[in-house]
Structure formats: structure tokens, C-alpha cells
1. Just checking, does segment 42-61 include any residue being crowded, with 16+ Cβ neighbours inside 10 Å, assigned to a loop (DSSP other than H, G, I, E, B) and of a type in the set (S, T, Y)?
2. So which residues in segment 42-67 are out of contact with any His (no Cβ under 8 Å at 6 or more places or on another chain) and more than 28 Å from I4 (Cβ to Cβ), if there are any at all?
3. All but one of (1) farther than 19 Å from Y3 by Cα; (2) crowded, with 22+ Cβ neighbours inside 10 Å hold for F80; state the number of the condition that does not hold.
4. Looking only at segment 160-183, count every residue that is of a type in the set (S, T, N, Q), surrounded by 16 or more Cβ atoms within 10 Å (Cβ to Cβ) and assigned to a loop (DSSP other than H, G, I, E, B) and tell me the total.
5. Looking at R230, R271, can you tell me which residue is farther than 16 Å from A105 by Cα, surrounded by 14 or more Cβ atoms within 10 Å (Cβ to Cβ) and touching a residue at least 12 places away in the same chain (Cβ under 8 Å)?
6. With respect to Y185, is the statement that it is modelled with pLDDT of 95 or more, of a type outside the set (V, I, T) and more than 18 Å from the chain's Cα centre (by Cα) true?
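The values are calculated or read from the model by the stated rules, or taken from the named source; none is laboratory data. Predicted model, so just to flag it, every value in this text is computed and none were measured. Note that each Cβ is placed from the backbone with ideal geometry, even for glycine, and that neighbours are counted across all protein chains shown.
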Amino acid sequence: MKYIGRIGEYFEATKVTQENYKSTFELQENQLALLWFEEDGSHFTIDAKDYHLKKNQIICLTEFNQLETHNFTSARYLKFSKPFYCILDHDSKVGCKGVLFYGSATLPIINPEDKDLTTLNAVWDMLQLEMAAKDQLQLEMLQMMLKRILILCTRIYKTQENYSNIDDKQSDVVREFHFLVEKNYRTLHTVSEYADMMNRSPKTLSNLFKKLNAKTPLQLIQARIMLEVRRLLTYTDKPVSEIAYQVGFNDIQSFSRFFKKHEGVSPSSFRVKEGSK
């Protein structure tokens, strides 16, 4: 079922099956989505990486993700536009910026426990009832239901990623770092540049991520660059030199060394390998 408002508000909450998935997953500009799998066995390539999804796992998608479906079973699907609900404008209420969306070089995969599923299923059922309502309060009610799901998913994912090891203020610093990397990875490649933007020291950022048992800040910056490079090599015909320039490298030699260090092969070899799949 879909809700379409007067000023571009778009919200979709539906079940996707083998029969209708092919026309479903493409996201338009300023759209975000959650895909909640109802069975084991779905297999995707997302941004040139393979994912085999299990029952009840939830993935978070943006318009920038490149998704190829190899096998699909069934899932619940939420898709919404920025005019319907802007997670950036409402970050203080939902807190998913830099966690679920706009801030990770790795696809966020949420693994709810049984207690989480009880709540998520209840909210989904309420959402279906609200989708059928056609009164002047429908928009507000749908936004409330979406907000509830986003908060639940954020809490679950933060628990998975050891955010309990840091306090709320430190969590906000980590999320802001992720978000700033997402906005600036093409031009800013060092931890000190981000630390300056955040009025923090590089050491402070490193210590925070160490508490999360996560990648270092530098590894996260480089992982985001690599994600974009893999996308461009796999899904476009742009020359390697142009791709290098696009992600902030001034010469092809330093870019090729950077890529081979992380991927184990040259950019050209990677493109040939991906093209043969």
C-alpha cells in the first residue's frame, strides 16, 4: 500500500514476493528504504558485494545503493521520501543518521531478537491499519509509525555495534563522524581533517572507536572511498583516471596503489573480474 501526499510525500509499506519484487527496489532521489526478510534464502549483490540474507534480518537502503537480485523469497518493505519524513531534520528524535543511513561503508544489517520482533510485528500491524485509513490524521499517524520502526531498528543496531560501551554524547560524536565522512570522503582523506571539523582531536576519535571494537577512523574513511570506487568500477564505464579524480586522488599511480592495497588487485583487474560475473 502507498501513501502519496500533495507536496511529494511518498510512503510505501508492502509485502514483496517473488512475483512483484523486480519493479520494487529502485529508489528515487531522496528516498530511503528498509527491507525486512520473512524467509531465508534471499541473495543480493549490493555495491559489488554479495549478501545472503536470513529470516527476520533487516537491511537499510538509500538511493545510492546499487542492488542486483540473484534470488528473492519474501520481505516486508518500507520506502519513504524526504518530504514524507526527513531523518536529517528529525535526527534528535530518531537518531538514525550516521547509524542506519548516511554514514557507513558497510551495509547496515539489523538482527532483531525475539523480544524485538514482538514489538516490530505489532508496529507493522498497526501500520497496515493506518495505511487503510483515509482521514486528515493519516499522514501524522503514518509518520509516527515509521518513526517508531526507525527508533527500534536504531536501538537494535547500536546494541549490535557495541554502542553500550559509550555514553550518549560520545555516541553522537561517532554518528557525526560517520555522517561527515559520508558527505566529504571525496575530498577529505585524513582523520585530522574530520577532527578539526568536529573540534575534537584525532586521538579522541580513535579512542571512541576503540571502545566500540570497530574499525579505526582512518579505516572507516578509506572503506567509504573504496565503496564508492567499487560502485563506479562495477556500474559505470568511467575511465579509471576519472574515477581516481572523482574520489580525490590527483594521480593514477597513488590511486592504483591505494586500491590494490585494499582490494588485492588493480582497478582494471577488478573491473574485468566484476564484468565477467
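1. No, segment 42-61 contains no residue that is crowded, with 16+ Cβ neighbours inside 10 Å, assigned to a loop (DSSP other than H, G, I, E, B) and of a type in the set (S, T, Y).
2. D47, A48, K49, K54, K55, N56, Q57
3. (1)
4. Matching residues across segment 160-183 total 0.
5. R271
6. So Y185 fails the test.
Yes or no, residue by residue, for (1) β-branched (V, I, T); (2) in a loop (DSSP other than H, G, I, E, B):
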position: L220; (1), (2): no, no
position: K238; (1), (2): no, yes
position: E242; (1), (2): no, no
position: N250; (1), (2): no, yes
position: Q253; (1), (2): no, no
position: F259; (1), (2): no, no
position: V265; (1), (2): yes, yes
position: S268; (1), (2): no, no
position: E274; (1), (2): no, no
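To keep it simple, each residue is scored yes or no on (1) modelled with pLDDT under 95; (2) more than 21 Å from the chain's Cα centre (by Cα).
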position	(1), (2)
D47	yes, no
F80	no, no
I87	yes, no
Y102	yes, no
N121	no, yes
Q136	yes, yes
